[in-house]
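S.K.: Below you will find the structure I want to go over with you.
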Amino acid sequence: MRDVAIIGVGMTKFGELWEQGIRDMFAEAAIKAMDDAGVKKIDSFYVGAMSSGLYTYQEHLSSLMADYMGQIGVPGLHVESACASGGSAVRSAFIEVASGISDIVLAGGVEKMWDVEDGTIVLATAADQEYEAYNGVTFPGLYAMIARVYMEKYGLTREELAQVPIKNHKHSVNNPNAQYPFELSLNDVLKSSMVADPLRLMDCSPITDGAAAVILCPLDRAKEFTDKPVRIRAIGAATGPIALHDHKDLTRLDVVKLAGDRAYKMAGLSPSDISFVEVHDCFSIAEIIVAEELGFFEYGTAGKAIAEGQGTYGGKIVINPSGGLKAKGHPVGATGVAQVIEAYYQLSGKAGARQVPNAKFGMTQNMGGSGGSCIVHILEAL
Amino acid sequence: MADSARYHRERFHRYALEAQKFDSGFISLPNRYIDPHSGSRTYEKINLKGTGTILSYTIIYIASDQFAHTTPYPVAIIETDEGARITAMVTDCDINDVKIGARVELVFRKILEEGESGIINYGYKAVLI
């Protein structure tokens, strides 16, 4: 297996992109990434998108995106794993480069979410359609049921839970691509409208349009393209039950531990080696449980630790320096790729005012559904 | 999603709480060919009694358009007395009475109707007992 590096990245601003359709956003990100790497022709590409069909009535993204990013002829594939679609695209591209099948592979992700009125019903397709969504549960509702059990079991308070979005919004102020780069007060969170009790609007990642793309190549060719390549040191992936009710322990996301452990094993590293992590904070409670499953905090302690400043600069580990899904935005299929871009910026010293100092290793964690799938990457500064 | 076959094939689960009891002890309400935990393929069909306990719940305030007319409404994860896990709305109650550990019974109810001349969808909801 060959070592794999990132040699270029590109993304759109995240937000309400009324003047761009799904093809425009993807093409913008892909062309920026190819320009960044200085490549005119790629060998292959993957596009992650959760539900282009329901959001935009457009499928067949391999052909569409090859056409509009100026790469007609190259092989392409649309990969889907709900909210982990973007991470799955990066993983697929990694495998293709590592295997020796292709040298220059683009991994991108995209979601056009603002064109539909009822996005809730689209997001619910990541749950069990016949046995969860049919009975009225929404996506925030699933995480609300996780939060309720966790809060009761571990004594996590509503105020402590609010510190997750407050921290992530604080980080996002320094991210020019973030959808909502402003700070939140405790009152902003606690007074925001109830979505699914106990989760309020400010616990929930937003509806976002956006696209992101990275270019991968064999590590031994990376210096042909850039002085600042970043190595993808390890990948870890796993699946879990489709329905939340089939999780043995409702306070755990076993899929994250499985994927994380596989990545640590492949890298030969442990949690204490990691300087920052981009986690899938689709809902505030998710960041807390994920930080525990990845081994950064003991079970039941991450909420209090984050509230005490252990998840930000100067703390134990910087969680979501980009602002996370909550503040940077969550264009579902693009999210996993954008996490990898943030890790690339951090490890190549290009993160500007949000730079994590002296970072050697960074991690990304992208999750589908209520713990139905998970992709973890460990990246390394060279 | 006016797809009558999709609803028809679920009739045994939704109308009669038909489940599978694998020889490993695992009970599944949806049909499965294999127990995902033990790998067992041997099971018998049972009908759940319908009584169970709430493991967690939420009150939905923002719903999809299909259910928006009925907000706020409680949804719960329930473990039936046989050990099957299901997700269901909790109905005919004061939302403040829904608690972890509350005892419930599954009852036959209308879930949705697809407009004035579309299919009326039925299934199970939970009531507090």
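No value in this document is a laboratory result; all are computed from the given coordinates. Just so it is clear, the model here is predicted, and its values are computed rather than measured. Virtual Cβ from ideal backbone geometry, glycine too; neighbours counted across all protein chains shown.
S.K.: Who wins for biggest fluctuation among B:Leu112, B:Leu48, B:Leu29 in a Gaussian network model of chain B, springs between alpha carbons below 10 Å?
M.R.: B:Leu112
S.K.: Under a point-charge model restricted to the Cβ atoms of Lys and Arg (+1) and Asp and Glu (-1), what is the dipole moment magnitude of region B:4-128 relative to its Cα centre, in debye to the nearest 20?
M.R.: Around 320 debye, computed over region B:4-128.
S.K.: Can you count the Lys pairs in region B:4-128 with C-alpha separation below 15 Å, eight or more apart or on different chains?
M.R.: So the count works out to 4.
S.K.: A further question on this structure: Taking 0.36 nm per residue of separation and subtracting the Cα-Cα distance, what length does fully extending A:Leu190 through A:Lys265 add?
M.R.: Here the segment from A:Leu190 to A:Lys265 would lengthen by 23.0 nm.
S.K.: Neighbour counts of other C-beta atoms within 10 Å: give me B:Ser56, A:Ser63 arranged from fewest to most.
M.R.: Sorted ascending by nearby Cβ count, the order is A:Ser63, B:Ser56.
S.K.: Could you put A:Glu308, A:Glu19, A:Glu278, B:Glu105 in order, starting from the residue whose Cβ has the fewest other Cβ atoms within 10 Å?
M.R.: Lowest count first: A:Glu19, A:Glu308, B:Glu105, A:Glu278.
S.K.: Given H placed on each backbone N at 1.01 Å, which residues far from A:Ala238 in sequence or on other chains put an amide H within less than 5 Å of it?
M.R.: A:Cys374
S.K.: Also, I was wondering about something else. Mean-square fluctuation check for chain B, GNM, Cα pairs under 10 Å: which of B:Phe67, B:Phe108, B:Phe12 is largest?
M.R.: B:Phe67
S.K.: Return the calculated 222 nm mean residue ellipticity for chain A, to the nearest 500 deg cm²/dmol, obtained by summing -39500 (n - 2.57) across DSSP H runs with n ≥ 4 and dividing by the residue count.
M.R.: -10500 deg cm²/dmol
S.K.: Using θ = phi - 60° and the Karplus relation 6.51 cos²θ - 1.76 cosθ + 1.60, list the HN-Hα couplings for region A:242-252 in order, rounded to whole Hz, with x at every Gly or Pro.
M.R.: In residue order, the calculated couplings are 6, 9, 4, 5, 8, 6, 4, 10, 6, 8, 10 Hz.
S.K.: Another question, if that's okay. Mind pulling the angle between the C-alpha long axis of helix A:284-293 and the longest principal axis of chain A? Nearest 10 degrees, somewhere in 0 to 90.
M.R.: Orientation of helix A:284-293: about 70 degrees from the principal axis.
S.K.: Here is a further query. Using a Förster distance of 45 angstrom, determine the FRET efficiency expected from the C-beta separation of B:Val127 and A:Glu298, and round it to 0.05.
M.R.: Given R0 = 45 Å and the Cβ-Cβ separation, E is 0.70.
S.K.: Turning to a different aspect of this structure: Setting aside same-chain residues fewer than 8 positions from A:Lys265, which aspartates and glutamates have a Cα under 14 Å from its Cα?
M.R.: Reachable aspartates and glutamates: A:Asp273.
S.K.: Across peptide B:85-92, what mean number of C-beta atoms from other chains lies inside 10 Å of a residue's C-beta?
M.R.: 5
S.K.: Using only atoms on other chains, find how many Cβ atoms lie within 10 Å of each Cβ of peptide B:71-83 and report the average.
M.R.: 3
S.K.: Between 0 and 90 degrees, rounded to the nearest ten: what's the tilt of helix A:158-172 against the longest Cα principal axis of chain A?
M.R.: With rounding to tens, the tilt is 30 degrees.
S.K.: Next question, about the same structure. Please turn the phi angles of region A:135-152 into ³J(HN,Hα) values with the Karplus equation 6.51 cos²θ - 1.76 cosθ + 1.60 (θ = phi - 60°), one per residue in order, whole Hz, x for glycine and proline.
M.R.: For region A:135-152, the Karplus-derived couplings read 8, x, 7, 9, 5, x, x, 5, 5, 5, 5, 5, 4, 4, 5, 4, 4, 6 Hz, x marking Gly and Pro.
S.K.: Something else now. For region A:263-382, just the Cα atoms, rotate onto the principal axes and tell me the three extents in Å, largest first.
M.R.: Extents along the principal axes, in whole Å: 34, 31, 30.
S.K.: Now for a different question. With an 8 Å Cα cut-off and a minimum separation of 6 or more residues, compute the relative contact order for chain A in percent.
M.R.: Over chain A, the number comes to 26 percent.
S.K.: Compute the whole-percent fraction of alpha carbon pairs in region B:83-129 spaced more than 14 Å apart.
M.R.: More than 14 Å apart: 56 percent of the Cα pairs in region B:83-129.
S.K.: Is there a quick way to get the dipole size of the protein assembly as shown? I mean about its Cα centre, with the Cβ of Lys and Arg at +1 and of Asp and Glu at -1; what is the value in debye to the nearest 20?
M.R.: 960 debye
S.K.: Another question, then. Output wanted: per-residue J couplings in Hz (rounded whole) for region B:13-22, from phi through Karplus 6.51 cos²θ - 1.76 cosθ + 1.60, θ = phi - 60°, x for Gly and Pro.
M.R.: Along region B:13-22, the couplings run 6, 6, 9, 10, 6, 6, 9, 10, 10, 6 Hz.
S.K.: Longest exposed-loop-site-free stretch of chain A, with chymotrypsin sites (Phe, Trp or Tyr not before Pro), DSSP loop and at most 12 other Cβ within 10 Å?
M.R.: A:183-382
S.K.: Please report, for the Cα atoms of chain A, the Rg to one decimal and the Dmax as a whole number; what are they, in angstrom?
M.R.: That works out to 18.9, 57 Å for Rg and Dmax.
S.K.: Dipole magnitude of region A:1-153 about its Cα centre, charges +1 at Lys/Arg Cβ and -1 at Asp/Glu Cβ only, in debye to the nearest 20?
M.R.: That gives a dipole near 440 debye.
S.K.: Quick one: pull the percentage of alpha-carbon pairs in chain B with a separation above 17 Å.
M.R.: Distances greater than 17 Å cover 62 percent of the Cα pairs.
S.K.: Among A:Asp115, A:Asp281, A:Asp254, what is the fewest-to-most ranking by other Cβ atoms within 10 Å?
M.R.: Going from sparsest to densest Cβ surroundings: A:Asp115, A:Asp254, A:Asp281.
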